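Notes to accompany the following structure.
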Amino acid sequence: MLTPGRYVGIPDEVENGVSFEEKMSELTMALGEQMREGQLLDEEIKQQLLKVGFIVSDELVDF
């Protein structure tokens, strides 16, 4: 047998009392907040670049 768990052991899963749905809800809410923050930071970067004479285009470029 070549399964690693047989030789090194597999850690037991720890039940933390939080359902999958609840955990996913928390994680997706946190992700949404991070994505909104990312958009704000992107806009700030564009504004700062504009101040020094560079324009960042929002157009997608196909290569």
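Every read-out reported here was derived from the displayed coordinates using simple, explicitly stated rules and does not represent laboratory data. What you see is a predicted model; the values in this text were computed from it and never measured. Neighbour counts are summed over all protein chains in view; Cβ atoms, including those assigned to glycine, are modelled from backbone coordinates with ideal geometry.
Note that region 14-31 has calculated 3J(HN,Hα) couplings of 9, 7, 9, x, 9, 5, 4, 4, 5, 5, 5, 4, 4, 5, 5, 5, 5, 4 Hz, one per residue in order, obtained from phi through the Karplus relation 6.51 cos²θ - 1.76 cosθ + 1.60 (θ = phi - 60°); glycine and proline are x.
Distance between the pseudo-spin-label points of Glu22 and Glu59 (7 Å out from Cα toward the beta carbon): 5.1 nm.
Per-residue extension of 0.36 nm, minus the Cα-Cα distance of Lys46 and Ala30, leaves a gain of 3.3 nm for this segment.
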